[in-house]
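Here's the structure we're looking at; comments come further down.
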Amino acid sequence: MKTQEIDTGNYIERGIQDSTKFGIKKENMSHILTILRDSLYSDKIGAVIREYSCNAVDANVEAGKENTPIRVTLPTSFKETLKIRDFGSGLTHEEVFDVYASYGESTKRHSNDYIGMLGIGCKSAFAYGDNFIINSFKDGTKSIYNAYIDTSRCGRIAKIHEEETSEPDGIEIEVSVKGDDIYDFKEKAYEIFQHYKVTPEIINPDSDYAEEYIEGRETVLSGNGWNFNTKSSASYNPILIMGNVAYPIHKNLLGEISDDIEAILNDHLIVEVEIGEVEISANRESLQYTDHTKTAIISKLTQVAVELVDGILKKFGEAETMFAAKVLWS
């Protein structure tokens, strides 16, 4: 995702006798990286699932396979491992080291075709545990890497195995899951995946969660990039979807809004915007309510308010009985 351009202005430096650039001293590096690992995400389980699945979707898109589902293996009591697999181009040995060992490294800031841009999410497993496995399938070879927190607290990546494979190219991330967290991982996975344009292929599916979060949703009204449905994953907030990720819309942060917009902001509204239309927080858990983001959201909600009138009139016009109209009204 492209970052918003910053207007640096034309600054003239006068009267400065000395200056220095901001930076991070080598001896403080482990402290800074620990903050990024331990303090960035408030929902650590959600972060692991969201970040690696977003990366997997991006890899498929980059390889021209945007309609190919990513594969997600959910943990079970017999195999306490979460796996998220894409079918992109895979990574060479040098690329694995470059992408996963460098904070802030991203190849996605030049295009709004991709969800990622921050260069942080591919390390999100460290928010949950002290290591994770990277399997890179590339040109008939499977290379296995262990990313782990070493004694320096900065972390390392070590190649531990290589073998021939007939599997298609791509990257698979493996994260060990604590036994007590298995069902939390499953519930969070379905909560996240309910908004994916291409629903992932789920290994070890849970029918209860699938019914609750994906199969049980019913659209009541819809329009161009929005819908009201009977279920919502955000409590008491409408939802904005960008790049498959759901963000709650907090109307109290939008500033002054019209009565029409106020009236439609309820917890069953879902609106979708293109990647890059709004700005997000570094942990991808919420929106940044900058002027750019507020303007984009209000513009979208204004469109919804206009289309909603026509949609409601059409629905009531299709009601065959008074009872059906009352059910629709409720």
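The values are calculated or read from the model by the stated rules, or taken from the named source; none is laboratory data. Please read these numbers as outputs of a predicted model, since none were measured by experiment. No Cβ is skipped: glycine too gets one built from the backbone with ideal geometry, and neighbour counts run over all protein chains shown. Side chains are part of the model used for accessible areas, which takes the heavy atoms of the whole protein and leaves out ligands, DNA and RNA. Shrake-Rupley method; radii C 1.70, N 1.55, O 1.52, S 1.80 Å.
Taking segment 54-83 as the range and being within 12 Å of Ala125 (Cα to Cα) and either of a type in the set (Asp, Glu) or touching a helix residue (DSSP H, G or I) at 6+ places or on another chain (Cβ under 8 Å) (or both) as the test, only Leu82 passes.
Looking at this structure, is Ile32 open to solvent by 40 Å² or more (accessible area, probe 1.4 Å) and either at negative phi or modelled with pLDDT under 75 (or both)? It is true that Ile32 is open to solvent by 40 Å² or more (accessible area, probe 1.4 Å) and either at negative phi or modelled with pLDDT under 75 (or both). Checking Glu320, Glu285, Glu274 one by one, the residue that is in contact (Cβ under 8 Å) with a residue 40 or more places away in the chain, among the charged types (D, E, K, R) and surrounded by fewer than 17 Cβ atoms within 10 Å (Cβ to Cβ) is Glu274 and no other. Residue count for segment 220-239 under the criterion of being assigned to a strand (DSSP E or B) and modelled with pLDDT of 85 or more: the result is 6. Residues in segment 273-291: is at least one among the hydrophobic types (A, V, I, L, M, F, W, C) and part of a helix (DSSP H, G or I)? Looking for residues that are among the hydrophobic types (A, V, I, L, M, F, W, C) and part of a helix (DSSP H, G or I), one finds none in segment 273-291, hence no.
When you scan segment 294-310, do you find a residue that is aliphatic (A, V, I, L, M), in contact with a strand residue (DSSP E or B) (Cβ under 8 Å, 6 or more places away or on another chain), at pLDDT below 90 and buried (at least 17 other Cβ atoms within 10 Å of the Cβ), even just one? Among the residues of segment 294-310, at least one is aliphatic (A, V, I, L, M), in contact with a strand residue (DSSP E or B) (Cβ under 8 Å, 6 or more places away or on another chain), at pLDDT below 90 and buried (at least 17 other Cβ atoms within 10 Å of the Cβ), which makes the answer yes. Take Ala210 and tell me if it is open to solvent by less than 60 Å² (accessible area, probe 1.4 Å) and under 23 Å from Ala59 (Cα atoms). Taking the combined requirement at face value, the residue does not satisfy it.
So is Val175 touching a Gly at 6+ places or on another chain (Cβ under 9 Å) and either open to solvent by less than 40 Å² (accessible area, probe 1.4 Å) or in a strand (DSSP E or B) (or both) or not? In short, yes. Taking the criterion of being over 21 Å from the mean Cα position of the chain (by Cα) and of a type in the set (Ser, Thr, Tyr), the residues of segment 199-224 that qualify are Ser207, Thr219, Ser222. Remark: pairs (first residue in segment 11-26, under 30 Å from Gly155 (Cβ atoms); second residue at pLDDT below 75; Cβ separation under 7 Å; 6+ apart in sequence or on different chains) = Ile24/Ile32.
Any residue in segment 56-71 that is outside any helix (DSSP H, G or I), modelled with pLDDT of 95 or more and crowded, with 21+ Cβ neighbours inside 10 Å? The answer is yes; a qualifying residue exists.
Yes/no per residue for (1) within 26 Å of Glu167 (Cα to Cα); (2) touching a Lys or Arg at 6+ places or on another chain (Cβ under 7 Å); (3) among the acidic types (Asp, Glu); (4) at pLDDT 95 or above:
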site: Arg14; (1), (2), (3), (4): no, no, no, no
site: Lys21; (1), (2), (3), (4): no, no, no, no
site: Ile24; (1), (2), (3), (4): no, no, no, no
site: Thr73; (1), (2), (3), (4): yes, yes, no, yes
site: Thr76; (1), (2), (3), (4): yes, no, no, yes
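From the list Ile239, Ile171, the lone residue that is more than 25 Å from Ala125 (Cβ to Cβ) and under 18 Å from the mean Cα position of the chain (by Cα) is Ile239. With respect to the conditions (1) farther than 24 Å from Lys197 by Cα; (2) at pLDDT 95 or above, Ile257 falls short on a single one, namely (2). Within segment 121-152, if we keep just the residues that are basic (Lys, Arg) and in a strand (DSSP E or B), the residue that is most open to solvent (accessible area, probe 1.4 Å) turns out to be Lys138. Evaluating Met242 against the criteria (1) out of contact with any helix residue (DSSP H, G or I) (no Cβ under 8 Å at 6 or more places or on another chain); (2) surrounded by fewer than 19 Cβ atoms within 10 Å (Cβ to Cβ); (3) within 26 Å of Leu308 (Cα to Cα); (4) modelled with pLDDT of 90 or more leaves one unmet condition, (2).
Among the residues of segment 153-172, those that are part of a loop (DSSP other than H, G, I, E, B) and open to solvent by less than 40 Å² (accessible area, probe 1.4 Å) comprise Gly155, Thr165.
Each residue in segment 180-207 was checked for being open to solvent by 40 Å² or more (accessible area, probe 1.4 Å) and either under 30 Å from Ala305 (Cβ atoms) or outside any strand (DSSP E or B) (or both), and 12 pass.
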